[in-house]
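The values are calculated or read from the model by the stated rules, or taken from the named source; none is laboratory data. These numbers were taken from a predicted model, which means no experiment stands behind them. Because the Cβ atoms are built from the backbone with ideal geometry, glycine has one as well, and the counts that use them run over all protein chains shown.
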Amino acid sequence: MDGVDEGGLNGDPIGDVREAGITAEERSTRYNSANYRKKRLTTLYAHVISHVTDPSLRTMIEENAKLQGKRNGYVAWQCLKTHCERPPSDLTVGGLNKVWENADFRTVGFDSDTIPKMVVWLANENAKRPDKYKKTEDEIVIKLLSCFDPGTGLGIGALEEYNAPEEERRFWRAEVVAADGTVTPGSRDVLKFQRHYDSLWSTVFARTQDGTRGHQTDGAMFLDGDSDDDSVQDNFAYYTSASGGGPAPRARSPSCLRRASCARRRPAR
């Protein structure tokens, strides 16, 4: 819809199948990629036009789409945005910001897939934001790191990752320089975050469900066992009630990153 797919205005180029000097395999790959993009544009066009009921606007979209290829979904969507999208108000953006700030693991619930669910929820919320106010991948990872209880091993690890210089970050995508000289700056990596914490969280959740590990204390679940689980157990207990799946009945603490920010602002004595 925004042209960020392969071959799109803001996506990776596919390349010309008629370019001299390329291999037959590369030519075939480019040809297939171009066909896939054509199918995506056609499917998108059908979705967009099916939601337009005004006859004059529908005609305008159809005519604009034909100028750059029959049933061009990208052009149809841009035309619809141009004529129908309203500038975001401060109230709209403020509401979106409030939802973003208040979100944590309780937002998506507690099971073995809490981490990937939180990643998907943030991606969906980010999609609702106007282009000018969309969160960067850096900001998404920082939000994910801030969800961990600051009093646990996971919270301490999240704070260390937040404060680490670029060369020492675990969830970091290095700068990329393309052959044409285009530079893609380095940034935090959501996928690396998810791969790391999903395995930790799901393992602990499984151990608390099968009855072979863990006990209940003061309405919260804790794990017994080796030190490998120590960095996870307190965070899981903080968020998960003994009744299963619900949040523990306690007031929300400031995130570990917010505490660190306050500490940095506190004047030295």
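Tabulated results
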quantity	calculated
Single condition Glu125 does not satisfy, out of (1) under 23 Å from Tyr197 (Cα atoms); (2) surrounded by fewer than 19 Cβ atoms within 10 Å (Cβ to Cβ); (3) without any contact (Cβ under 8 Å) to a residue 24 or more places away in the chain	(3)
Test: residue in the stretch 75-89 that is closer than 30 Å to Leu144 by Cα, outside any helix (DSSP H, G or I) and in contact with a Leu (Cβ under 9 Å, 6 or more places away or on another chain)	yes
Hey, Asn64 polar (S, T, N, Q), surrounded by 15 or more Cβ atoms within 10 Å (Cβ to Cβ) and free of Cβ contacts under 8 Å to residues at least 40 places away in the same chain or not	yes
Among residues of the stretch 189-216, those that are in a loop (DSSP other than H, G, I, E, B) and either surrounded by fewer than 13 Cβ atoms within 10 Å (Cβ to Cβ) or modelled with pLDDT of 75 or more (or both), counted	4
Check on Ala46, of a type in the set (Gly, Ala, Ser), outside any loop (DSSP other than H, G, I, E, B) and in contact (Cβ under 8 Å) with a residue 24 or more places away in the chain	yes
Matching residues in the stretch 130-165 - criterion: being closer than 22 Å to Thr184 by Cβ, touching a residue at least 12 places away in the same chain (Cβ under 8 Å) and in a loop (DSSP other than H, G, I, E, B)	Lys135, Thr136
Selected residue (criterion: modelled with the lowest pLDDT) from residues of the stretch 8-39 that are under 14 Å from Val75 (Cα atoms) and buried (at least 17 other Cβ atoms within 10 Å of the Cβ)	Gly8
Filter pass, Gly21 being part of a loop (DSSP other than H, G, I, E, B) and out of contact with any helix residue (DSSP H, G or I) (no Cβ under 9 Å at 6 or more places or on another chain)	yes
Failed item in (1) modelled with pLDDT of 80 or more; (2) surrounded by 18 or more Cβ atoms within 10 Å (Cβ to Cβ), with Gly186 passing the rest	(2)
